[in-house]
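Structure first, commentary second.
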Amino acid sequence: MRKAERLFQLLTLLRSRRRVITAQVMAECLEVSERTIYRDIQALSLSGVPIEGEAGVGYRLKPGYSLPPIMFNEEELEALLLGARMVRRWGDSELGKAATTALDKIRATLPDQAHHAHLRSSEWMLVPDYSQGENARFGDLIRTGVREHRILHIDYRRADGEPSQRRLWPLGMVYWGTVWTLVGWCELRGDYRQFRLDRIVQLQLLEENYPQRDDISLQKYLASVCDVSQDPPVDISA
């Protein structure tokens with residue numbers, strides 16, 4: 001890795017942390033020695049970058065400092081493009097719009113050479129559409145419920161075709177390759193349950209908040225039942 005690239009990555013790393021970050025952590029992230037980090041910190045400081053801290057304690061950028069415009073290499077651009085296309089194809093409409101506007105902002109900062117590389121990538125990085133409307137329905141309301149800790153009321157069609165109504169504490173969503181599922185704490189069962197979004201008939205976001213508990217979370221649910229890299233789960237909404 002060239003020094004200029006390493007210095008920029010070091011700046012990005014410092015900017016991403018609100019608290020101090022030690023030279024050891026930075027060295028591990030950049031795969032260099034701590035001595036190299038100390039030299040790079042000194043070089044950045046001498047060039048006018050306002051870095052606060054000291055060896056053995058940690059470093060941070062002075063609050064309010066702005067980084068120069070971000071530059072991406074070709075592989076990074078391809079990763080961003082692929083990720084945005086996945087979101088547009090497999091996410092709900094609101095996430096799709098956000099992915100599009102984010103890409104527009106990135107394109108606006110690209111020099112001509114990088115912009116041409118981005119256009120070349122678009123010719124072969126294709127993402128199929130798996131019935132986006134059905135598989136991602138109600139995604140915007142569910143995300144609001146998760147962020148604001150608000151209870152959801154759903155009318156659901158179970159795998160056996162029987163209707164069901166539930167009050168849920170929405171914890172998150174999991175995408176299994178072709179199916180989105182809502183994971184929540186079911187008040188009726190007093191336990192975790194998951195619901196396929198394409199089987200939700202109606203969903204209401206209530207004004208009522210649910211309590212935040214350390215023993216109930218999406219991460220704890222996933223750790224207790226399966227590896228997210230496996231096949232889509234069976235419907236356990238009953």
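Results, tabulated for the structure shown:
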read-out	value
The stretch 3-61 - charge dipole about Cα centre, Lys and Arg +1 at Cβ, Asp and Glu -1, debye rounded to 20	180
In sequence order, calculated HN-Hα J values of the stretch 49-58 (Karplus, 6.51, -1.76, 1.60; Hz; x Gly/Pro)	6, x, 9, 9, x, 7, 4, x, 10, x
R0 of 30 Å, Cβ-Cβ distance GLU162-GLU208: FRET efficiency to nearest 0.05	0.70
Inter-site label distance for ARG39 and ILE216 at 7 Å from Cα along Cβ, in nm	5.5
Residue-wise HN-Hα coupling along the stretch 205-218, computed from phi with Karplus coefficients 6.51, -1.76, 1.60 (Hz; x: Gly, Pro)	8, 7, 7, 6, 9, 9, x, 8, 10, 5, 8, 10, 7, 4
Amide H within-cut-off set for THR22, under 5 Å, with H built and near neighbours excluded	TYR59
Whole-Å semi-axes of the ellipsoid equivalent to the stretch 1-66 (Cα gyration tensor, √5λ, descending)	16, 13, 11
Cα gyration tensor shape of the stretch 133-225, rounded if a/c is under 1.5, else prolate or oblate by comparing a/b with b/c	rounded
Low-density loop positions, trypsin sites (Lys or Arg not before Pro), the stretch 9-48 - DSSP coil, at most 14 other Cβ in 10 Å	ARG17, ARG18, ARG19
Phi-based couplings in Hz for the stretch 74-80 (Karplus 6.51, -1.76, 1.60; Gly and Pro marked x)	5, 5, 5, 4, 5, 5, 5
Added length on full extension, which subtracts the Cα-Cα distance from 0.36 nm per residue, GLU74 to ARG147	22.9 nm
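Read the figures in this text as sums done on the coordinates, not as results from a lab. Bear in mind the structure is a predicted one, so any value in this text is a computation, not a measurement. All Cβ positions, even for glycine, are placed from backbone atoms using ideal geometry, and neighbour counts span all protein chains on display.
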